[in-house]
Amino acid sequence: MRHRKSGRQLNRNSSHRKAMYRNMVTSLMLHGRIRTTEAKAKELRSIADRVITLGKKVTPAEIAAAESEDQKKVLTARRVHNIRRARRMVNNSEALHKVFNEYAERYTARPGGYTRVLKLGNRPGDNAPMAMIELVVEHPAV
C-alpha cells in the first residue's frame with residue numbers, strides 16, 4: 001500500500017526521476033513552456049513553483065534599499081543561499097539568471113501558482129495523455 005507516500009514514481013528509480021525533473025525545470029525556465037505527459041507536467045508544477053519562489057525571496061532592490069551595511073550583508077547572504085538552493089534543480093546558468101531576475105520581477109505581486117498545465121489530448125504513438133506546462137504571463141495592472 002502507498003499510504004502517506006507523496007509524488008509520482010513514473011516507472012523510474014529515484015536518481016533517474018530527479019535528473020528528469022532537473023532537466024524539465026531547466027527547459028521550462030529557459031523556454032517558458034514545454035510539452036510533456038500529463039503526469040510529468042503535474043509533478044513538475046510544484047517543483048517549478050518552488051524554484052520561482054526561491055527567486056522572489058530576496059531581490060536586488062531589497063538589498064539596495066537596506067539601511068545599513070550589516071543588513072545588506074545579511075540580505076546578500078540570503079540571496080546567495082537561495083541561488084545555491086535553486087541551483088540544485090536548475091542546471092543552466094542562463095535559466096538561473098532568468099529565475100532570479102526576470103521571473104522574480106514578473107511575479108512579485110503573485111503569491112503562487114506561476115505555472116499552468118493545459119491538456120493537449122493523447123499522443124499518437126502510445127496514446128499517452130499529453131499536456132503543455134507553461135509559465136503564467138503576469139500582465140501589469142491597468
Response to the item:
In nm, the gap between the two label points placed 7 Å beyond Cα toward Cβ at ASN91 and ALA64 is 3.5 nm
Item to complete: Could you check how much of the accessible area of the chain is carbon and sulfur, as a whole percent, using a 1.4 Å probe?
Response: 49 percent
Fill in: Contact order normalised by residue count of the chain, Cα under 8 Å, 6+ apart, percent
33 percent
Worksheet item: Of GLU67, GLU43, which has the most accessible area with a 1.4 Å probe, and how do the rest follow in descending order?
Response: GLU67, GLU43
Worksheet entry | 0 to 90° range, to nearest 10: angle between helix 69-87 axis and the chain longest Cα axis | 10 degrees
Worksheet item: Which of LYS73/LYS98; LYS5/LYS73; LYS18/LYS98; LYS40/LYS98; LYS18/LYS73 have a Cα-Cα distance over 29 Å?
Response: LYS5/LYS73; LYS18/LYS73
Fill in: Förster radius 35 Å - calculated FRET efficiency between ASP126 and LYS18 (Cβ-Cβ, nearest 0.05)
0.90
Discussion item. Could you work out how much longer the chain between VAL117 and LEU30 gets when fully extended? Use 0.36 nm per residue separation minus the Cα distance between them, nm to one decimal.
Written reply: 29.6 nm
Response to the item:
Options (1) 0.95; (2) 0.92; (3) 1.04 for Rg/Rh (Cα atoms, Kirkwood Rh); the value derived from the coordinates is listed as (3)
Fill in: 0 to 90° range, to nearest 10: angle between helix 38-57 axis and the chain longest Cα axis
0 degrees
Item to complete: Take GLU38, GLU138, GLU94 and sort them by solvent-accessible surface of the protein heavy atoms, 1.4 Å probe, largest at the top.
Response: GLU94, GLU138, GLU38
Response to the item:
Here FRET efficiency (C-beta to C-beta, GLU102 to ASN11, R₀ 25 Å, nearest 0.05) is 0.15
Worksheet item: Which of the aspartates and glutamates could a cross-linker bridge to LYS56, judged by Cα under 12 Å and excluding same-chain residues fewer than eight apart?
Response: GLU102, GLU105
Discussion item. Sort 120-128, 78-86, 28-36 by packing, meaning the average of other beta carbons within 10 Å per residue, with the highest value first.
Written reply: 28-36, 78-86, 120-128
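The values are calculated or read from the model by the stated rules, or taken from the named source; none is laboratory data. Since we're looking at a predicted model, the values are computed, not measured. For neighbour counting, all protein chains shown are included, and Cβ atoms are generated from backbone atoms with ideal geometry for every residue, glycine included. Each accessible area value is taken on the protein alone, full model and side chains, heavy atoms only, with ligands, DNA and RNA left out. Shrake-Rupley method; radii C 1.70, N 1.55, O 1.52, S 1.80 Å.
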